[in-house]
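Data block below; observations after.
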Amino acid sequence: MVLRIALLGVCLGMVAQAQRNSFEPGQVWLDTEGKPIQAHAAGILVRNGVYYWYGQDMTFGAENKVGVSCYSSRDLYNWKREGTALPKEALPEQFRDTGVCERPKVLFNERTGKYVMWMHLDADKYTVSEAGVAVADKPEGPFRFVRRFRPLKYDYGYKPDCCNQRELGNTFRDMNLFLDDDGRAYVFYASEHNRTMYVARLNEDFTGIEEPAVLGKTWARILIGEEREAPAPFKYQGKYYLFTSGCTGWLPNKAALSVASNPLGPYVTQKEYPMVGPDAELTFRAQSTFVLPVQGKPGAFILLLDRWNPKQLSESRYVWLPFRVAADGTVRVVWRDRWDLSVFDKELR
Ligand code: GAL
């Protein structure tokens, strides 16, 4: 009897775990156990042929009630939950429960052999605005919390604001990491109370920025005064591209794609609007979080976005869409209800 029940359980499990072979942007996405994937504001690390998806676990709604989750996959369609890579308990108390730990991104550091996670830590209505760094020996964690800080202090003509920038350094909010082909890494983040984006080269072990910080040499102010966030950088044929969103909280707005010849910029926003399809003007009702170069398909990329549900953040959905960069450097991201990686062999050749 016990065996029969066990067998039945296995069979039912197999039904729930039916292999996926396509992406369905905006639909519920189940993991290999049949549970909805909880990894919002995602970042993806590729290591030894495995993709690792990190994100905010918002099972219990807004703020940091759980921590940063990690899922793994070999095919990008089917994801196995590896656990909570950075549990909220690993963070200073201020950033648990009513605080936030947002947009986690992970890089592998060849020099130290460590996995390094950066995140946006915040509390008190987004006025603390700091970077957090955590380190692990394995991609799935557990990550050990290393530090919290505002990486740069630069007098841009401070005006009185919420966040004591003159005293404490310039705010650190929506962020991303980018690893260049030469092994150097960069952090992109919305600063100056979200008016201007910063990009700063990381130090050798990736746990801080390169010091001493020199404007124009180790870091730069980009998209100055443009009020952009949700940075999602990528590189193609020597050019550095950066998707961003406007600053409207959980509500969708119009994306932009900016391009530079150097990671530190200057970045020039492209005139051609990249999104095509229903609600394209609202970035398909979603917000950028990451660009993933598809392994083994040079020039093939996936744009990862979050379709936030402000009424119930745990019900926010993932929107993944494929694209290529055209010979003239333009990008078109076209909405699809359903697609698979063969689009890169057919339409997106
Ligand atoms: C957005 C940001 C999200 C989150 C949200 C909170 O602007 O991109 O990561 O911080 O605001 O309202």
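The values are calculated or read from the model by the stated rules, or taken from the named source; none is laboratory data. Quick caveat: nothing in here was measured; it's all calculated off a predicted structure. Note that each Cβ is placed from the backbone with ideal geometry, even for glycine, and that neighbours are counted across all protein chains shown. These area figures cover heavy atoms from the full protein model, side chains too; ligands, DNA and RNA do not enter into them. Shrake-Rupley method; radii C 1.70, N 1.55, O 1.52, S 1.80 Å.
Looking at Phe206, Phe178, Phe188, which is the one that is more than 16 Å from the ligand (Cβ to nearest atom) and part of a strand (DSSP E or B)?
Only one candidate qualifies: Phe178.
Name the single residue, out of those in the stretch 36-80 being in contact with a Cys (Cβ under 8 Å, 6 or more places away or on another chain) and farther than 19 Å from Gln94 by Cβ, that is farthest from the ligand (Cβ to nearest atom). Before the answer, list the steps.
The first filter runs over the stretch 36-80 and keeps only residues in contact with a Cys (Cβ under 8 Å, 6 or more places away or on another chain), leaving 39, 52-54, 56, 64, 67-68.
Narrowing further to those that are farther than 19 Å from Gln94 by Cβ: 39, 52-54.
Details: Ala39: 14, Tyr52: 20, Trp53: 17, Tyr54: 14 Å.
Per the stated criteria, the residue is Tyr52.
For Arg221, are the conditions met, namely being away from the ligand (no atom under 16 Å from the Cβ) and in contact (Cβ under 8 Å) with a residue 40 or more places away in the chain?
Spelling it out, Arg221 is indeed away from the ligand (no atom under 16 Å from the Cβ) and in contact (Cβ under 8 Å) with a residue 40 or more places away in the chain.
Could you say whether any residue in the stretch 265-284 is touching a residue at least 40 places away in the same chain (Cβ under 8 Å) and within 16 Å of the ligand (Cβ to nearest atom)?
yes
Assess whether Glu130 counts as being touching a residue at least 24 places away in the same chain (Cβ under 8 Å), within 14 Å of Gly208 (Cα to Cα) and within 14 Å of the ligand (Cβ to nearest atom).
yes
So which residues in the stretch 278-322 are open to solvent by less than 50 Å² (accessible area, probe 1.4 Å) and acidic (Asp, Glu), if there are any at all?
Asp306 - this is the single residue of the stretch 278-322 that is open to solvent by less than 50 Å² (accessible area, probe 1.4 Å) and acidic (Asp, Glu).
Which of the residues that make up the stretch 85-94 are open to solvent by 10 Å² or more (accessible area, probe 1.4 Å) and either in contact with a strand residue (DSSP E or B) (Cβ under 7 Å, 6 or more places away or on another chain) or touching a residue at least 24 places away in the same chain (Cβ under 8 Å) (or both)?
The answer is Pro87, Lys88, Ala90, Pro92, Gln94.
Out of Thr196, Thr207, Thr248, which single residue is open to solvent by less than 10 Å² (accessible area, probe 1.4 Å) and not aliphatic (A, V, I, L, M)?
Values: Thr207 fails: open to solvent by less than 10 Å² (accessible area, probe 1.4 Å); Thr248 fails: open to solvent by less than 10 Å² (accessible area, probe 1.4 Å).
Being open to solvent by less than 10 Å² (accessible area, probe 1.4 Å) and not aliphatic (A, V, I, L, M) holds for just one of Thr196, Thr207, Thr248, which is Thr196.
Can you tell me which condition Asp97 does not meet? The list is (1) in contact with a Ser or Thr (Cβ under 6 Å, 6 or more places away or on another chain); (2) more than 17 Å from Gly141 (Cβ to Cβ); (3) charged (D, E, K, R), and all the others hold.
Going through the list (1) in contact with a Ser or Thr (Cβ under 6 Å, 6 or more places away or on another chain); (2) more than 17 Å from Gly141 (Cβ to Cβ); (3) charged (D, E, K, R), Asp97 breaks only (1).
Need pairs with beta-carbon distance below 7 Å; first residue near the ligand (Cβ under 7 Å from one of its atoms) and within the stretch 239-250, second basic (Lys, Arg); sequence gap 6+ or separate chains.
Ser245/Arg228
Determine which member of the set Lys138, Lys159 is basic (Lys, Arg) and either within 14 Å of the ligand (Cβ to nearest atom) or under 18 Å from Gly43 (Cα atoms) (or both).
Values: Lys159 fails: either within 14 Å of the ligand (Cβ to nearest atom) or under 18 Å from Gly43 (Cα atoms) (or both).
Answer to the selection: Lys138.
Quick one: how many residues across the stretch 95-116 are within 16 Å of the ligand (Cβ to nearest atom) and touching a residue at least 60 places away in the same chain (Cβ under 8 Å)?
Final tally of qualifying residues: 4.
Which members of the stretch 191-203 meet the condition of being assigned to a loop (DSSP other than H, G, I, E, B) and not polar (S, T, N, Q)?
Answer for the stretch 191-203, where residues must be assigned to a loop (DSSP other than H, G, I, E, B) and not polar (S, T, N, Q): Glu192, His193, Arg195.
Among the residues of the stretch 73-101, write down those that are closer than 25 Å to Arg184 by Cα and touching an Asp or Glu at 6+ places or on another chain (Cβ under 7 Å).
Ala85
What's the total number of residues in the stretch 328-348 that are in contact with a strand residue (DSSP E or B) (Cβ under 6 Å, 6 or more places away or on another chain) and open to solvent by less than 30 Å² (accessible area, probe 1.4 Å)?
Selection size over the stretch 328-348: 5.
Would you check if Tyr126 is over 19 Å from Ala39 (Cα atoms), in contact with a helix residue (DSSP H, G or I) (Cβ under 7 Å, 6 or more places away or on another chain), open to solvent by 10 Å² or more (accessible area, probe 1.4 Å) and not polar (S, T, N, Q)?
Details: over 19 Å from Ala39 (Cα atoms): yes; in contact with a helix residue (DSSP H, G or I) (Cβ under 7 Å, 6 or more places away or on another chain): no; open to solvent by 10 Å² or more (accessible area, probe 1.4 Å): yes; not polar (S, T, N, Q): yes.
So Tyr126 fails the test.
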